[in-house]
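Colleague: Provided herewith is a single structure, encoded as structure tokens, for subsequent inquiry.
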Amino acid sequence: MSVTKVMEALPGLDWTTDPALVRQKSRDFFWYSPVLKRQLNKVTGEAVVTPRSEEEVKAVLAAAYAHGVPVTPRGAGTGNYGQAMPLNGGIVLELMAMNRILWAKPSVVRAEAGIKLIELDAQLKKMVGGEIRFHPSTLRTASLGGFVAGGSGGVGSITWGGLREPGNLLGLKLITMEAEPRVIELRGPEITKANHAYGTTGIITEIEMGLAPAHEWVDVVVSFPSLMAAARFSDTFTRMDGVPKKLACVVPAPLPQKHFRQWGAKVPEGETVACLMVAPDFVEVLGPVIAGHGGKVIHQEPTAEAAVPLYEHSWNHTTLQILKTDKTITYLQALFPAPNHLELIAKLEKQFGNEVLYHLEFVRFSGTVCAVGLQIVRFTTEERLEEIMRLHEEAGAPIFNPHTYTLEDGGMKRVDEEQLAFKRRTDPKGLLNPGKMAAWDDPHWTPGRAKQVAMYETEFEAPAEVLE
Ligand code: FAD
């Protein structure tokens, strides 16, 4: 493997080799997980290249292929499972300079993968009065390509579901890793071959996606006497199809009171909050429903005017806000499937008491309302954490382990044969983001084995970065 030879072959490209900068661009939010922090802390590439065009992407891939050099694509590096980290070194391919909107109409946009989501949203409002249907809580930093290749859903999934739902993604342009890289347009069901594949099946350069009508959203925080009162209200709110909405995030006591600096002091002791994003003309409709569930609005302001918008208290940001001041917690990701999600949450809340605090996000997946949990866990031992995950799964709440960097063990828990077969054609030498598709390296991969390898082996150490 020779990165130098690739650089010599392409002297006109924008290369970075300064070790400190390369190390910085070889990292993401992997330190969220104490397991990944231990496993990946030393990972770094050897050079970063920032292509400005499809031709430059192809040139890098062809030269890297010729010299057997791994290439790991990168957007803004906000993934929280080490998705964008070059496990085998080599080249980090940073896509952020390819950031144009190619065309837009009110219901659809096609843009280059490196555009920042917040920039895309702002431009779409002006151009066509539309906005992204849903975004990660990292709206202000993440890229479009990184979201599609590494994320799944977020703020807006309460109405539109996840990236995998038909109609949310309409087309992807992909460059293959071969002697002569090909350009492939994936459409319809084919899109799953590159969506949430961590860039292991090709470099995404363009994305076509469905849009929603733009709104000037309002942040509304409602306080409830109990977790289940907030959860029941959020479930009802999610089903109110006449109300344009973007968020229903439930955070139980004492988390908002202790960790949410902007408005946490206004939350009565022992109460749970529901954080909502609603279109302004529809806030008044909520009054009787909130009162009927025993709730009280304690804070309200336009999202655009908030110093820290409500969506930065939701999804994976909830954990981040808490980690800033409490180093002893970790988190889980779980699904509470319909139709018994509320009963399941009530049962598990009783079972775990203060050890597991049920931060919930209400969503509509395939037309059905259910809840996703990003539970805050009081960490004691590795064995106990493993047991908590097992007990959730036994109770009927599948866990999407956030403490592993492989595609299979994190989300799918199975080999995606279609993605694997596609990768054989688009990346025959296995040089794209190596190490992330477990089945590529180990054809006998099974969920059980991967889980044992990835589980805690050291004491919990709080990530230094959260304090910065
Ligand atoms: P990166 O982290 O740079 O990359 C993500 C993955 O995509 C990597 O595997 C990378 O190799 C690959 N990749 C990047 N660009 C390309 C490309 N052009 N072609 C092929 N592969 C590519 N995720 C959610 O889904 N929902 C959330 O609500 C959410 N909230 C978050 C909150 C916090 C505080 C943090 C730290 C993370 C959160 N995430 C969430 C995870 C992450 O922020 C999102 O998935 C985000 O969209 C990633 O974008 P990025 O540009 O930073 O991608």
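The values are calculated or read from the model by the stated rules, or taken from the named source; none is laboratory data. Note that this is a predicted model, so its numbers are computed, not measured. Using ideal geometry, Cβ is built from the backbone for each residue, glycine included, and neighbour counts are taken over all protein chains shown. Accessible surface is based on the protein model in full, side chains and every heavy atom, while ligands, DNA and RNA are left aside. Shrake-Rupley method; radii C 1.70, N 1.55, O 1.52, S 1.80 Å.
Colleague: Just flag the trypsin sites (Lys or Arg not before Pro) in the stretch 17-98 sitting in loop per DSSP whose Cβ has no more than 13 other Cβ atoms within 10 Å.
Modeller: Here the sparse-neighbourhood loop sites are LYS42, ARG52.
Colleague: Hey, if we sort HIS299, HIS341, HIS293 by accessible area with the 1.4 Å probe, largest down, what's the order?
Modeller: Sorted by accessible area, descending: HIS293, HIS299, HIS341.
Colleague: Moving on to the next point. With every protein chain left in place, what is the accessible area per residue of the chain in square angstrom, probe 1.4 Å?
Modeller: 39 Å²
Colleague: Straight-line reach from LYS327: which aspartates and glutamates fall under 17 Å, measuring Cα to Cα and dropping same-chain residues less than 8 apart?
Modeller: Within the straight-line limit of under 17 Å, LYS327 reaches these aspartates and glutamates: GLU355, GLU382, GLU459, GLU461, GLU465, GLU468.
Colleague: Still on this model: So, taking all protein chains as they sit and a 1.4 Å probe, how much accessible area belongs to ASP121, in Å² rounded to tens?
Modeller: The value for ASP121 is about 10 Å².
Colleague: Which links in LYS245/LYS324; LYS5/LYS58; LYS37/LYS324; LYS173/LYS423; LYS173/LYS193 stretch past 19 Å when you go from one Cα to the other?
Modeller: Correct reply: LYS245/LYS324.
Colleague: Another one. Quote the relative contact order of the chain in percent (integer), defining contacts as alpha-carbon pairs under 8 Å separated by 6+ residues.
Modeller: Values: 1053 pairs, mean separation 75.2, N = 468.
Value for the chain: 16 percent.
Colleague: Relative to the present Cα-Cα distance, how much length would full extension add between HIS444 and GLU394 at 0.36 nm per residue of separation?
Modeller: Roughly 15.5 nm would be gained on extension.
Colleague: Extension gain GLU355-GLU418, at 0.36 nm per residue separation less the Cα-Cα distance, in nm?
Modeller: Length gained between GLU355 and GLU418: 18.8 nm.
Colleague: Please arrange ARG110, ARG390 by accessible surface area, largest first, computed with a 1.4 Å probe and ligands excluded.
Modeller: On the way: ARG110 20, ARG390 110 Å².
Accessible-area ranking of ARG110, ARG390, largest first: ARG390, ARG110.
Colleague: Tell me the label-point distance for the pair LYS126, GLN24, using the 7 Å Cα-to-Cβ offset, in nm and rounded to one decimal.
Modeller: 2.8 nm
Colleague: Using a 1.4 Å probe on the protein heavy atoms only, what accessible surface does VAL183 show? Give it in Å² to the nearest 10.
Modeller: Only protein atoms counted, so the area is about 60 Å².
Colleague: Another question about this same structure. Could you tell me the distance between the Cα centroids of the stretch 94-156 and the stretch 376-409, to the nearest Å?
Modeller: Distance between centres, Cα-based: 31 Å.
Colleague: Expressed in nm to one decimal, what extension gain is obtained for the pair ALA265 and ARG100 from 0.36 nm per residue of sequence separation less their Cα-Cα distance?
Modeller: Gain on extension, ALA265 to ARG100, equals 55.2 nm.
Colleague: Short version: ³J(HN,Hα) in whole Hz for each residue of the stretch 349-361, in order, from phi by Karplus 6.51 cos²θ - 1.76 cosθ + 1.60 (θ = phi - 60°), x for Gly and Pro, what are they?
Modeller: 4, 5, 4, 9, x, 6, 6, 10, 9, 8, 6, 10, 10
Colleague: At most 15 other Cβ atoms within 10 Å and a DSSP loop assignment: could you name the GluC sites (Glu not before Pro) in the stretch 216-319 that fit?
Modeller: Passing sites in the stretch 216-319 are GLU216, GLU269.
Colleague: Please grab the % of Cα pairs in the stretch 108-263 that end up more than 21 Å from each other. List each step's numbers first, then the result.
Modeller: Details: 6265 of 12090 pairs.
Everything past 21 Å amounts to 52 percent.
Colleague: Less than 15 Å from a label point 7 Å out along the Cα-to-Cβ axis of THR141: which backbone N atoms in the stretch 8-35 qualify, by residue?
Modeller: Under cut-off, by backbone N: 24-33.
Colleague: Long-range amide H contacts for THR205: which residues qualify at under 5 Å (H placed 1.01 Å from N, peptide plane, sequence gap of 5 or more or a different chain)?
Modeller: LYS173, LEU174, ILE175
Colleague: Please report the accessible area of LYS324 (heavy atoms, 1.4 Å probe, ligands and nucleic acids excluded) in Å², nearest 10.
Modeller: 80 Å²
Colleague: Leaving ligands, DNA and RNA out of it, report the carbon-plus-sulfur percent of the accessible area of the chain at a 1.4 Å probe.
Modeller: 53 percent
Colleague: Taking only DSSP H segments of four or more residues, each worth -39500 (n - 2.57), what value at 222 nm results for the chain once the sum is divided by all its residues, to the nearest 500 deg cm²/dmol?
Modeller: After summing the helix terms and dividing by residue count, I get -8500 deg cm²/dmol.
Colleague: Would you mind telling me the antiparallel percentage of the DSSP bridges in the chain, rounded to 5?
Modeller: Counting only bridges with both partners in the chain, antiparallel ones make up about 90 percent.
Colleague: I've got another one for you. Just the isolated ones, please: cysteines in the chain lacking another cysteine beta carbon under 4.7 angstrom.
Modeller: Within the chain, the cysteines lacking a partner Cβ under 4.7 Å are CYS370.
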